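Take a look at the structure set out below.
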Protein chains: 2
Amino acid sequence: MNNDSEGLNAVMEAIFNPASIAMVGVPEGMKMGRLFLMGLQSAGYRGNIYPVNPRIDTIDGLPVFRRVADIPGPVDLAVVLVPKKHLYSVIEQLGVIGTRAAVIFTAGFSELGAEGTDEQRQLAAHGRACGVRLIGPNCMGVYSSSARVSSFPSMPMDEGDTALVSGSGSLTSFIVLRGVARGLPFGKAVSFGNAADLVPSDFFSYLASDPKTSVISAYIEGVPEGRLFFDTLQKVTRMKPAVVWKAGLTGYGRKAAHSHTGALAGDASLWEGALAQAGAVQVANMDELLDAVMALKFIPPETGNRVAILSGPGGFAVAAADELEKSGLLLAQLSPTTRQRIASILPDTGISVVNPVDVGLSASVDFRLYTEPARAVMEDPGVDALLIIGGTFSAEANRSFMEELVAAKRATGKTLIMVDVPEFYFALTEKDLGRQFVSAHIPTFPSSARALWALKKVVDYGRFLGGPNRG
Amino acid sequence: MNNDSEGLNAVMEAIFNPASIAMVGVPEGMKMGRLFLMGLQSAGYRGNIYPVNPRIDTIDGLPVFRRVADIPGPVDLAVVLVPKKHLYSVIEQLGVIGTRAAVIFTAGFSELGAEGTDEQRQLAAHGRACGVRLIGPNCMGVYSSSARVSSFPSMPMDEGDTALVSGSGSLTSFIVLRGVARGLPFGKAVSFGNAADLVPSDFFSYLASDPKTSVISAYIEGVPEGRLFFDTLQKVTRMKPAVVWKAGLTGYGRKAAHSHTGALAGDASLWEGALAQAGAVQVANMDELLDAVMALKFIPPETGNRVAILSGPGGFAVAAADELEKSGLLLAQLSPTTRQRIASILPDTGISVVNPVDVGLSASVDFRLYTEPARAVMEDPGVDALLIIGGTFSAEANRSFMEELVAAKRATGKTLIMVDVPEFYFALTEKDLGRQFVSAHIPTFPSSARALWALKKVVDYGRFLGGPNRG
């Protein structure tokens, strides 16, 4: 076992931190395969890149080698773009030069039916016999921001501690891109395709012990390893949170998943039960996946479920109260002292000093009408988390607004969550207040519904871990 | 009755298309009330503005009048910002100079309890006795893009045929702003506050017969007119779609609504039943409201429920199939001919020719791999609506992509819906492909889940109208 896991770690290091990459079968024209090379080059990959193609001499300023055997140095990772009939010999040659892992982009296996499943099983056995572990086939490969590796052009290389294990190649890039846009950069992402050899639980095992990963997320259509996946997941969630988007849980989705990656998507209630038992945080789409990552990254799992809401726009306060009840969290009862403190700060009308606290519209032009009641609420022992919907119409006041809230969070140790309402700053040139809050480690969401949904996921994960949740 | 509705129409014209506006009690410093004047001026209002305040001579370059009686011309609409104790005399003076309608910003009525409810009832009676109809109290008033009227500064003045009737002043501006950002400008919006005199159904009646309004949306915490509201709504929805966000349907929300606008939010199941019976499209938050408007504006209610999905990224196709089943719509069966046509266009692997159609990743670099299968699907008699998730990595190709799809929609008369995935064009300078589709009258949504939810609302509305829905 120990040997195995050491071997697996070396393979994973070759995948996520390769010193050199061969690109076997790099195409001449502007085909999909070309994107892999563009991806590496635009990422600023600093290791050696060895393109291989018997019919061309140079590509994008790099010398092209006729055969794998001609490559003049060691190769950690190979990206294999050749037609199916050449796969066996290429993998054999890679084994000869000591390559530990190969991304098999080539499609046409289990996604086409039972025959393809047999074929890819044989391919995986061949890889293991040659000493080359395979990612795929039918996959897009690896993204690693610290190693500046990308299989897709123009990807941002912001370093982060979130990882992604994905059964869809294209979704990998989309999720990473949307994460970066929300201030949630990914450190490592892998598209495992049909998972003929390396399976999702291999990646989960590695990422669980990777000190640079704090949250693991996954898009899964199916897992070939069955029971082993859930056994692994159960160990992983004791070490760090795992967010799982299981696609194909409906009848329509199940069929679509099968023709996409050949996945046998399995029964919805079995999956949901097994994921819950393993302590995974279940999500149903890309935005939920990122919302859950946002919450799990910044909110400690021992957070309680008594929530206060504080809003400038009264309508948002009412709507958030509705969403709070739907989320299953509790509306915190503010103490008489807290209510008195808030009342002494706010004007007499157009406000509410009970939870949800409505600080009134004047707060848009005086940020202290937000921050001082917020501090009072966070100091109330009956409040575990405070959700704020608001902002001001001045860029300078927004800076103070943020600083005061960050200070209050630090002083009280309470969970603070922001709803980013870009319409507050529509007339300002500086429109990224939400991103600034995320940079200050305050989880930020596009709506109170999504914020409260995500907080509930953290509270539930805390309960799974046996944390002291009240209520 | 006829006289009444003629009278109401004249009042509404004064509200949404005023030739002159008095601003009574405009404050000296930077207080909330000042925003009303800034709103009118930044909107580029072309009529006469008459500020009134006994203590100042000029404001923002305008002469200020000491009393309403000093105003030198007729006043269609007044915005009243004076303290509660001056309201009676101001309304009386407005009546004397023939003002038809007044926005009462002043708060401190029914939102504070039973006494306030009595007070605002008396205030409304006083207004009617003086010939002045009241909007509010405790409201933000009017937005009318064609008349360039706004109660909030720096609002966009894009003209549109969507209307908004809102129980929250601040939400009014936020909804209009978010609508404009999505390519859904509002023509008229009103915040009715505590609705002591003019009630939501008055606005609904007017907007139903307003030729410049095609979709009516509403944010409602409560309605003082009870039964009359639903009777009116039932007539309205036969003329044009009405989208209703009823807040305060949960226990937490109900209490919050009461302290916000004094609304008695009512029982959730009664509201939901009555809204359904009246044919209103029910939504639960701001984004759902705009999603429903988007769909109802561009999709005819007689659209059938057989949906095809076409995606470049395979993961999105699987996810959309899951969402389709959850939405309650049907996955269209493509005919053998359609499948053959698609197969003849696409490469052999990494694709799917059954619904959901997965055109493969090569489509990102060759837009015809999207548009030609899309045309085949739209020409299939078994398909009512096509949802497309995709785009290309080139701005020029995206233009052709859009033109071909718009042409196919026109030629086939089928409903076409786009999912805007901004990550497709992250490397392009031109990032507004979604907005361009909306400009071409193609409804566009940020996710397949939201797109399919919204389409289902249209199909259900069509069923309510007795349209010929199949399936």
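The values are calculated or read from the model by the stated rules, or taken from the named source; none is laboratory data. Given the structure is predicted, the values throughout are model-derived calculations rather than measurements. Cβ placement follows ideal geometry from the backbone for every residue including glycine, while neighbour counts extend to all protein chains displayed. Note: areas computed on protein heavy atoms with side chains; ligands, DNA, RNA excluded. Shrake-Rupley method; radii C 1.70, N 1.55, O 1.52, S 1.80 Å.
Details
- With helices as the sole contributors, chain B gives -13500 deg cm²/dmol at 222 nm; each DSSP H run of n ≥ 4 counts as -39500 (n - 2.57), and the sum is divided by every residue.
- Segment residue B:55-residue B:38, extension gain: residue separation times 0.36 nm, minus the distance between their alpha carbons: 4.2 nm
- Basic side chains Lys and Arg get +1 at the Cβ, acidic Asp and Glu get -1 at the Cβ, and with that the dipole of the protein assembly as shown about its Cα centre reaches some 40 debye.
- Shape class for region A:35-180: oblate, because the ratio a/c of the largest to smallest gyration tensor axis (alpha-carbon atoms, square roots of eigenvalues) is 1.5 or more and b/c is at least a/b.
- Using a 7 Å Cα-to-Cβ projection, residue B:344 label spacings across copies, nm, ascending: 8.2
- Residues of type lysines that residue A:456 reaches as a straight line, Cα spacing below 23 Å, ignoring anything fewer than 8 places off in the same chain: A:235, A:240, A:246, A:297, A:326, A:409, A:414, B:255, B:326
- With its label point defined 7 Å out from Cα along the Cα-to-Cβ axis, residue B:63 lies at 8.8 nm from the matching points of the other copies, in increasing order.
- Projecting the Cα positions of B:464, B:80, B:433 onto the charge dipole of chain B (unit charges on Cβ atoms of Lys, Arg, Asp and Glu, taken about the Cα centre) puts B:80 furthest along the positive direction.
- Annotation: average projected area of chain B is 23.8 square nanometres, based on the convex hull of Cα atoms across all directions.
- Extending 7 Å from Cα along the Cβ direction at residue B:337 and again at residue A:19 yields two label points whose distance is 6.3 nm.
- Placing pseudo-labels 7 Å out from each Cα toward the beta carbon at residue A:114 and residue A:432 gives an inter-label distance of 5.5 nm.
- For region A:286-323 versus region A:143-164, the spacing of their alpha-carbon centroids is 28 Å.
- Separation between Cα centres of region A:14-55 and region A:358-405, rounded to whole Å: 50 Å
- Taking a point 7 Å out from the Cα of residue A:181 in the direction of its Cβ, the residues of region B:382-426 whose backbone N falls within less than 18 Å of it are B:388-395, B:398-399, B:418-426.
- Debye-sum result for the protein assembly as shown in log10 I(q)/I(0), which assumes one identical scatterer on each alpha carbon, at q = 0.07, 0.09, 0.10 Å⁻¹: -0.62, -0.96, -1.14
- Cβ charges +1 (Lys, Arg) and -1 (Asp, Glu), total dipole of chain A, debye: 440 debye
- Antiparallel DSSP beta bridges within chain A, as percent of all bridges there, nearest 5: 15 percent
- Fraction of accessible area attributable to carbon and sulfur, the protein assembly as shown (%, probe 1.4 Å): 52 percent
- Unit charges at the beta carbon, dipole of region A:299-456: most positive-side option, A:311, A:388, A:455: A:455
- Residue-span extension gain [residue A:354 to residue A:395] - 0.36 nm each, minus C-alpha spacing: 11.9 nm
- Chain B, rotation onto A, residue closest to that axis via Cβ, with its distance in Å: B:446, 5
- Separation of region A:58-111 and region B:73-140, taken as the distance between their Cα centroids, equals 79 angstrom.
- Helical segments meeting 18 Å axial Cα length and Kyte-Doolittle 0.0 threshold in chain B (DSSP H): B:169-181, B:286-298, B:314-327, B:448-464
- Rough spin-label spacing in nm, given labels placed 7 Å along Cα→Cβ, for residue B:66 and residue B:344: 8.8 nm
- Calculated label separations, residue B:122, copies of the chain, 7 Å along the beta-carbon direction, nm: 9.4
- About its Cα centre, the dipole of region B:146-237 is roughly 220 debye, where the only charges are +1 on Lys and Arg Cβ and -1 on Asp and Glu Cβ.
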